[in-house]
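A quick write-up on the structure given underneath.
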Amino acid sequence: SAASTAEAIAVLASIIFVHECGHFFAARLQNIHVSKFSVGFGPNLLSYQGPEVEYSLRAIPLGGFVAFPDDDPDCPYPEDDPDLLRNRPMKDRAIVIGAGVTANVLFALAILFTQVNTVGFSQQDYQPGVKVSQLLSTSAAREYGVQVGDVITAVNGEKLAASGQSVNAVVERVKASGASAVHFDITRRGQEGSVGIDVTPNTSPGGEGRIGVQLEANAEIIKRIAANPREGAVLAGREFVRLTSVVSGSLFSLVSNFEAAKENVSGPIAIVGVGAQVMRTSDLSGLYQFASVININLAVVNILPLPALDGGFL
């Protein structure tokens, strides 16, 4: 919808604004000359000429820039002016260039801190066993009485842990059984105690057992809200590290295996589309996570030593 798309654009524009503010204030606090501060690209919608800086809001709010007078042919300052960015020591220039990344990191942490202290982080609360979420039409398990919604708590007498890895454990044991019967202990909604069912698998051409079920972790989504600001800071930091690891891993996959990862590359328009879908289908948690990931993505990408990125100027 137009409303959700507008909200996604507003989120993206605010993240870009924070990034450019990092550069701008890092320069101004060091008395370095700045000529332009712009959010967006294309024609000006609004502009204001201050004593030194032209501030503008442009038609396409999917980018932004801070301009310095150093390379302007009409630069009003002498070439040896010590307050031109190019004439500052490396340390001063590095602070200005790296401040956009720093601003996005701090913004992401602030968003995550707000989330965990208000609506909370979504977490999976694992229970022992795995759920049967679907039975295939040719399912051997169906023939022996397994039903959708059953929870498999043990395989051949071995109990399944409360873990996301239990699904793989069941799959591997069924494969290894071949055509030999597998005993499942099952709990079923509306029945007390457990039910024991022996299932003789079908076999693949390679001799691996198949019972024709789709399994999922036996877990519920819960919201964890921080008990106090100190705990909130710790949880926000952990979530920041997790999201940074996910973003960095995706970028590493893009570099190391471009052919396999190129379909996952998205430009600003696609990012707005994803954001609009989040606005339509999720609660505030989705909005917080979307904004945090975009901040972290912008920070990680910009620190890379590539032309046109902040890291390329360091």
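Computed from Cα positions, the angle between helix 229-256 and the longest principal axis of the chain comes to roughly 90 degrees. Projecting label points 7 angstrom from Cα along Cα→Cβ for E79 and T138 puts them 7.9 nm apart. Probing with 1.4 Å while keeping every protein chain in the model, the per residue accessible area of the chain equals 56 Å². For the chain, with all protein chains in place and a probe radius of 1.4 Å, 58% of the accessible heavy-atom surface sits on carbon or sulfur.
Scanning residues 5 or more positions from T200 or on other chains, those with amide H under 5 Å from its amide H are V182, with H placed 1.01 Å from N in the peptide plane. Computed from backbone phi, the HN-Hα couplings of region 197-204 come to 10, 9, 10, 8, x, 6, 10, 7 Hz, rounded to whole numbers (Karplus: 6.51 cos²θ - 1.76 cosθ + 1.60, θ = phi - 60°; Gly and Pro given as x). Model label sites at Q191 and R224, defined 7 Å from Cα along the beta-carbon direction, differ in position by 3.5 nm. Positive end of the dipole of the chain (Cβ unit charges, origin at the Cα centre): among V18, Q191, A233, the Cα lying farthest that way belongs to Q191.
For K175, the lysines whose Cα falls under 26 Å of its own Cα, not counting residues fewer than eight places away in the same chain, are K131, K159.
Given the DSSP H assignment, sum -39500 (n - 2.57) over each helix run of at least 4 residues in the chain and divide by its residue total; what's the result at 222 nm in deg cm²/dmol, nearest 500? Rounded to the nearest 500, the figure is -14500 deg cm²/dmol.
Looking at the chain, the DSSP beta bridges with both ends there are about 90 percent antiparallel.
The values are calculated or read from the model by the stated rules, or taken from the named source; none is laboratory data. This is a predicted model, so every value here is computed, not measured. With ideal geometry, Cβ positions are generated from the backbone for all residues, glycine too; neighbour counts draw on all protein chains shown. The accessibility values were calculated without ligands, DNA or RNA, using every heavy atom of the protein model including side chains. Shrake-Rupley method; radii C 1.70, N 1.55, O 1.52, S 1.80 Å.
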